[in-house]
1. Going by the conditions given, is Leu317 touching a Leu at 6+ places or on another chain (Cβ under 7 Å), more than 27 Å from Ala144 (Cβ to Cβ), open to solvent by 40 Å² or more (accessible area, probe 1.4 Å) and part of a helix (DSSP H, G or I)?
2. Restricting to segment 267-284, count the residues that are closer than 15 Å to Arg444 by Cβ and either in contact with a Lys or Arg (Cβ under 7 Å, 6 or more places away or on another chain) or hydrophobic (A, V, I, L, M, F, W, C) (or both).
3. What number of residues within segment 324-354 satisfy the criterion of being open to solvent by less than 20 Å² (accessible area, probe 1.4 Å) and outside any strand (DSSP E or B)?
4. Going by what's in this entry, would Arg811 be described as among the basic types (Lys, Arg), assigned to a loop (DSSP other than H, G, I, E, B), in contact with a helix residue (DSSP H, G or I) (Cβ under 9 Å, 6 or more places away or on another chain) and open to solvent by 20 Å² or more (accessible area, probe 1.4 Å)?
5. Hey, can you tell me all the residues within segment 773-785 that are buried (at least 19 other Cβ atoms within 10 Å of the Cβ) and assigned to a loop (DSSP other than H, G, I, E, B)?
6. Taking the criterion of being open to solvent by 40 Å² or more (accessible area, probe 1.4 Å), more than 33 Å from the chain's Cα centre (by Cα) and closer than 30 Å to Lys645 by Cβ, would at least one residue in segment 475-482 satisfy it?
7. Of everything in segment 398-416, what is modelled with pLDDT under 85 and touching a strand residue (DSSP E or B) at 6+ places or on another chain (Cβ under 9 Å)? Give them in sequence order.
8. Only residues that are at pLDDT 95 or above and either among the aromatic types (Phe, Trp, Tyr) or more than 23 Å from Asp802 (Cβ to Cβ) (or both): list them for segment 760-782, please.
Amino acid sequence: MTDKLPQLMSGRARGRGRGAVTETPGPSQAADDNGNGRRDPTRGAGSGVVAQRGPWTDPAFTVRPSGPAAPLVRPGVPVIPLTAGRASIHGVPRPAAGAEGGRTSDLSRGARRGNRAITDIVVTRPVSMNSKRGETGEVIAIVANYFRVLKKPNWNIYKYRVDFTPDIELLGHRKGIMRRQMERLGAFQFDGTMIFSPFKFQHDPMVLMDINDRDESVQITIRLVGDLLPTDGTYTHLLNLIMRNTIESLNLQRAYGPKGTKYFDAQQKIDIREHKLQVWPGFSTSIRQHEADILICAEVTHKVIRMESCYNAMQELAKDVDGIKKLLIGQMVVTEYNNLTYRIDDVDFSLTPLSEFEKKGGEKITFMQYFRDRYNITIRDQRQPLLVSRAKARDIKAGRPEVLNLIPELCRLTGLTDHMRNDFRLMRDMAQHTRIGPDMRIKRFLDLNRRIQNEEKAKTVMKNWDMALDKQLVEFPGRVLPREEIKFGNDRSELPNNDADWTFTLKKNRMFEADRVSNWHIICPDRDHSLTMKFSSLLTSTAGKMGFQLAQPNFLRIPDDRATSYVNAIEKACNDSTQIILCVVPNQRGDRYSAIKKKSYVDRAVPTQVMWTKVMSNDKIIGGVVGKVAIQMNCKLGNAPWTVKVPLKNVMTCGFDVTYDANDKSKTFGAFVATMDIKECNTYYSAISHHKYGEEMSNFLIVNVFKALKQYEQIHKQPPARIFFYRDGVGEGDVNHVLNIEVARLREKLKSSYEEATPKLTFIVVTKRINTRLFRKMGNSVQNPPPGTVVDDVITLPERFDFFLVSQATRQGTISPTSYNVIFDESGLSPDKIQIWTYKMTHLYYNWSGNVKVPAVCQYAQKLALLVGQHIHQEPNTLLERQLYFL
């Protein structure tokens, strides 16, 4: 066995029940040579307490059983002894593919994997729905980033429960023991409690004996549970395990993140030396049953690695301990010696590279000496503190040490800082490598496919499961919905261009609704007064041409740009007739912006517009900016610059999104926005609800819906006939909760409140961040599909009433569609009409003269949630509920 990388478990290890490790305070311990702290699954077994000090993965530990051992042989059960690496395998039953018989009742154990429940597929497609396909629009040829999985007609998956006697606590140990059985049992996947195999074993139950190289015996009892059905949540999990093994056989670097597992090719890294960055290309994959086939979704992804090390970043802060911790804690790093990714949880200033840890044999060695011996790396600064990475509960269960130490000098930071994101040249240069067009993206997909088809290890994994991958991406018909007419003032209507943009058209038309503003104020520092006067004149002139009449403003000059100066000026400007305030600021300081918004939206209930002097002084862009400022100010006063033709009357369309409080991650804000019109969708009601950790969100959601209904009834003297609810911020595992809690409670409350006049509810889950990519096939080439492209077959899911919609156009990279999952619908409308209604709603976001990615109510809800979560941190004044003050 090779030595293991240094890691630290300070103090006494926390108990984990049977198999817990007790340890006296001492020096660091060791992780494996991959740097990920995995326990060696081929060494040792059993449950008990370590009776001596040392690395807890050391096979030389003396194990003291925590209780009487169960008998290793049970009467009437066939026992097959297996010896790890040193005995014959006579008498082992071979897998019997396609054998009949076996129990079908599921057992309670195995229903959970680690600490995460495996949930069954949530069926939201109505039983009465014969087809979810629409009809409207021009039919086009679509290519998607999916490959069909070809499988044999008699491909069955059997699931078996596995028990160990004595019990094995660590998942890594369990998997190590079962890996030694693969030659005997054939191909299978093991998740810690369940085996999934394409073979039906001859004996049920089957008992195997595993003897490790220390002559310790473990009895393995395998019982057939039944067939694994495509409707089981575990079925999709199994397919992804197989695909993960296939991708990992290609020698790609695996990285975990909030968006799932991704694989990167460090050998294909791209250096951007001018900005001291590297870009690692890679892939993320997923596999599941779609309408008629099992499909693999492959998406190109990239990891940005900074050429500076953590040590370089620490040097810039000298000996500022708090500053160093603030800079590094929470960052993701890549180690130079093995390219693995870790999250920094702390910086330990009590340890240095001269600190010692114990190797597996009990020998003590310093970090410096270890890296010199193991990797031929000389650590230059012997006094640098060490970084700390703590494992998650599931990783600890899998065998990774609880705490791992890293050398700052050997760790490179990943991702971009805010300063980097604001660097136009850097983002432009990086986009040349990350924003790849349709042709190049498809080439990357096909290259990945060829590697899977041609590399021996990958071929073996697929062959073991009788699986094969189609060599071409899936192709199928899609539809492009007709362009929507945009309605302006003076009863004028015009079609947008092919990119769903009407900026030019907006300039030559009056806004759909506009007011005259007679009492408004401009607050600016003394030094910017002349620039502000010039901007004010241009704004007044431009707004007048658009039908938005601005009187001469009242100027309030302040001596400096401190936040308190703006707050005091706002207080002075506010009176009963003040309509809006424009604040001119010299830079984008967050604390000042927050103070302005908090004062105006919480204390005084007056809309404010903030302008940056850098923009006001840029003659190249100011002409376009001033028109957008006029539109924003008009919207904040409750008016609409445009609208679309609405075929349905008496409809309330709602949007909901959630964000964390930037100052307190235990708090969240839910933002709710709803339309208030009978004929058009151009006036809105908004509300914010504050949630503490663990509180049921549906309670607040229902309260906000009924506040909106009350407003609607006050305006129209009747409730809406229909409610379209677009729910954003729902993860894959939360759909069941939303359906059975939020929708059920909302529906029950509507029925009890309105009885015969109950509005018909349509509840749609909106998902923006998906890996699906669509391409329009044009002869032998592909391009981004046009706005209005709808896909409702082949790559959608059979258990859902769902569709994909491309509502925007892009000039760079590849367009990403939005997924819509209709989880509840009693509208009586056809799928075609629901798709058209959804597309219409993407035209009504007034911060952009073009379509947006999601229905406008979702975009407004996101905008409101971010304003509250990042800046004002409390509910705004209720007097602003009928205005889009948050634009």
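1. No, not satisfied.
2. Summing the residues that are closer than 15 Å to Arg444 by Cβ and either in contact with a Lys or Arg (Cβ under 7 Å, 6 or more places away or on another chain) or hydrophobic (A, V, I, L, M, F, W, C) (or both) in segment 267-284 gives 6.
3. 4
4. It is false that Arg811 is among the basic types (Lys, Arg), assigned to a loop (DSSP other than H, G, I, E, B), in contact with a helix residue (DSSP H, G or I) (Cβ under 9 Å, 6 or more places away or on another chain) and open to solvent by 20 Å² or more (accessible area, probe 1.4 Å).
5. Those that are buried (at least 19 other Cβ atoms within 10 Å of the Cβ) and assigned to a loop (DSSP other than H, G, I, E, B): Arg773, Asn784, Pro785.
6. no
7. Hits for segment 398-416 are Arg400, Pro401, Glu402, Val403.
8. Phe763, Phe775
The values are calculated or read from the model by the stated rules, or taken from the named source; none is laboratory data. In this text, all values refer to a predicted model and were calculated from it rather than measured experimentally. Here the Cβ is made from the backbone with ideal geometry for all residues, glycine too, and neighbour counts use every protein chain on show. Only protein heavy atoms, including side chains, enter the accessible area calculation; ligands, DNA and RNA are left aside. Shrake-Rupley method; radii C 1.70, N 1.55, O 1.52, S 1.80 Å.
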